[in-house]
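Working notes, structure below.
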Amino acid sequence: MRPVIDNQTARRLFLDRHLLLGTRSGAGKGDDLQSVIDHLGFVQVDSVNTLARAHDLILWSRRQQYRAPNLPRLMKTRGAFEHWTHDASVISMQHFPMWRYKFAKDKAHMDAKWPAWRREGFRDQIDGVLRQITDNGRCSSMEVGADEERKSGGWWDWHPSKTALEYLWRSGQLSVCHRKGFRKIYDLTERVIPDEYRSVEVSEEEMIDWACMSALQALGFATSGEIAAFYAIITPAQAKTWCAMALSDQRIVEANITSANGTLRPSFVLPEVFDLKPPEPNSRVRLLSPFDPALRDRKRAERLFDFHYRIEIFVPAPKRQYGYYVFPVMQGDRMIGRIDTKRDGDVTLVTAFWPEKGIRMGKARIKALEAEVDRVAKFVGSKDVNWSKGWSKEIS
């Protein structure tokens with residue numbers, strides 16, 4: 001009979017693995033920032049900047065001393081590299097050898113699909129783009145191809161030379177050396193990735209074992225599908241096979257995880273999980289990025305926290321339930337609501353807050369929410385916070 005992990009314990013185990021439980025202190029730069037990225041494995045990057053970019057808010061949520069310039073500085077010292085997990089991410093440099101298999105997989109995918117998906121002619125530009133960077137050094141998509149070629153019909157309508165640049169990056173021949181604004185600057189991989197990581201060879205079996213074990217450690221508990229989806233560098237079938245073997249070898253065990261609605265979900269855990277006691281949460285309110293790794297798997301978040309969240313950027317304004325880019329709000333080990341806030345010049349505006357069902361917004365909780373918004377405002381450089389007169393209408 002499988003042991004049962006109750007919902008509160010599961011939430012706390014999961015949040016502790018994501019550095020979101022209890023008091024976390026640290027400089028948020030240099031070695032301390034490196035330790036956060038190493039612990040999380042990766043941090044998703046995103047271009048939306050209504051309040052702060054996703055990666056900055058993710059890191060600030062774990063280190064209050066973190067400031068936006070600290071990540072580019074770490075990238076410059078090659079503590080991390082940028083590539084794809086489930087989405088564009090900053091990934092701990094120590095994991096670079098594992099990504100060679102993703103480079104090969106992505107190359108095969110692009111060779112099969114991109115000729116039909118992208119503008120014609122990108123294959124003809126690959127050698128020229130690679131030669132340009134080899135001879136002249138790093139560049140962005142604005143510096144490859146003829147002027148006429150660079151005219152595009154939209155964000156995803158890449159001109160052939162940009163497509164070639166992206167192809168070379170995703171297949172591992174180029175790497176992002178830094179960003180200028182939010183535009184990627186590319187160079188040859190041998191000029192970006194330190195030899196000590198680029199020279200490491202791992203077998204596919206070693207890569208799969210690492211991907212599965214480190215994903216399970218980061219998640220606390222998971223199904224084989226959740227393990228595969230964590231880094232998105234292995235297939236569900238590979239994760240399923242690994243779980244069966246690891247279970248047979250007693251490296252992992254099965255347990256029933258109690259969802260917020262009381263249902264049980266069979267999952268895999270490391271044996272030592274049953275001896276762990278996650279720290280007690282404090283009363284601190286946290287404003288999280290919509291792309292926070294603790295919430296990236298929306299279905300998992302709904303099962304654990306009874307928190308249904310969807311980004312409404314692409315939903316027409318009249319049909320939005322909440323807003324364009326609304327931030328999840330957590331207190332302790334519970335999701336307590338979502339808030340609509342953004343920067344407007346040097347002021348942080350708060351237009352609405354929606355508490356979750358069953359959450360009572362008493363004076364202490366409102367004060368804690370206001371204190372968190374003040375902290376966020378300081379982080380993003382606002383001089384003041386403007387609370388709309390109607391912000392609290394949903395909680396009265």
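Checking each residue in region 281-313 for being among the acidic types (Asp, Glu), under 22 Å from LYS342 (Cβ atoms) and free of Cβ contacts under 8 Å to residues at least 60 places away in the same chain picks out only GLU312. Within region 10-32, restricting attention to residues that are of a type in the set (A, V, I, L, M) and outside any helix (DSSP H, G or I), the residue that is nearest to LEU216 (Cα to Cα) is LEU19. Please determine whether any residue of region 371-388 is hydroxyl-bearing (Ser, Thr, Tyr), open to solvent by 10 Å² or more (accessible area, probe 1.4 Å) and either assigned to a strand (DSSP E or B) or over 23 Å from VAL48 (Cα atoms) (or both). The answer is no; no qualifying residue exists.
Go through region 342-365 residue by residue and tally those that are exposed (fewer than 15 other Cβ atoms within 10 Å of the Cβ) and closer than 26 Å to TYR66 by Cα. Steps first, answer last, please.
The initial filter retains those residues of region 342-365 that are exposed (fewer than 15 other Cβ atoms within 10 Å of the Cβ), namely 344-347, 357-358, 360, 362-364.
The next check asks that each one be closer than 26 Å to TYR66 by Cα; those that pass are 344-347.
The total comes to 4.
When the helices (runs of 4 or more DSSP H) confined to region 43-118 are screened for residues that are open to solvent by less than 50 Å² (accessible area, probe 1.4 Å), in contact with a helix residue (DSSP H, G or I) (Cβ under 6 Å, 6 or more places away or on another chain) and modelled with pLDDT of 95 or more, those reaching at least 1 such residues are found at 54-60, 70-76.
Name the single residue, out of those in region 119-152 being part of a loop (DSSP other than H, G, I, E, B) and open to solvent by less than 50 Å² (accessible area, probe 1.4 Å), that is modelled with the highest pLDDT. Going through the qualifying residues, I end up with GLY137. Every condition in (1) of a type outside the set (Lys, Arg); (2) within 29 Å of ARG343 (Cα to Cα); (3) in a loop (DSSP other than H, G, I, E, B) holds for PRO278 except the one numbered (2).
How many residues, within region 161-176, are of a type in the set (Val, Ile, Thr) and at pLDDT 90 or above? Show your work before the answer.
The first filter runs over region 161-176 and keeps only residues of a type in the set (Val, Ile, Thr), leaving 163, 176.
Okay, now just the ones that are also at pLDDT 90 or above, so 176.
Total meeting the criteria: 1.
Applying the set (1) within 19 Å of the chain's Cα centre (by Cα); (2) at pLDDT below 95 to MET213 leaves exactly one unmet item: (2). When ASP306, ASP275 are checked against the criterion of being at pLDDT 95 or above, of a type in the set (Asp, Glu) and surrounded by fewer than 20 Cβ atoms within 10 Å (Cβ to Cβ), ASP306 stands alone in meeting it. Suppose the filter is of a type in the set (Lys, Arg), modelled with pLDDT of 95 or more and over 30 Å from TYR325 (Cα atoms); does LYS240 pass it? Yes.
Just checking, does region 321-329 include any residue being among the polar types (S, T, N, Q), more than 23 Å from ARG63 (Cα to Cα) and open to solvent by 50 Å² or more (accessible area, probe 1.4 Å)? Within region 321-329 (the criterion being among the polar types (S, T, N, Q), more than 23 Å from ARG63 (Cα to Cα) and open to solvent by 50 Å² or more (accessible area, probe 1.4 Å)), the answer is yes, since at least one residue qualifies.
Residues of region 1-42 that are more than 26 Å from ARG78 (Cβ to Cβ), surrounded by 14 or more Cβ atoms within 10 Å (Cβ to Cβ) and among the aliphatic types (A, V, I, L, M): ILE5, ALA10, LEU13, LEU15, LEU20, LEU21. When SER283 is tested against (1) within 16 Å of ASN7 (Cβ to Cβ); (2) of a type in the set (Gly, Ala, Ser); (3) open to solvent by 70 Å² or more (accessible area, probe 1.4 Å), just one condition goes unmet, and that condition is (1).
Tell me which residues, restricted to region 281-302, are of a type in the set (Lys, Arg) and part of a loop (DSSP other than H, G, I, E, B).
First, pick out the residues of region 281-302 that are of a type in the set (Lys, Arg): 284, 286, 296, 298-300.
Hits for region 281-302 are ARG284, ARG296.
The values are calculated or read from the model by the stated rules, or taken from the named source; none is laboratory data. Bear in mind that the values here come from a model prediction, so they are computed numbers and not experimental data. No Cβ is skipped: glycine too gets one built from the backbone with ideal geometry, and neighbour counts run over all protein chains shown. For accessibility, only protein heavy atoms count, side chains too; no ligands or nucleic acids. Shrake-Rupley method; radii C 1.70, N 1.55, O 1.52, S 1.80 Å.
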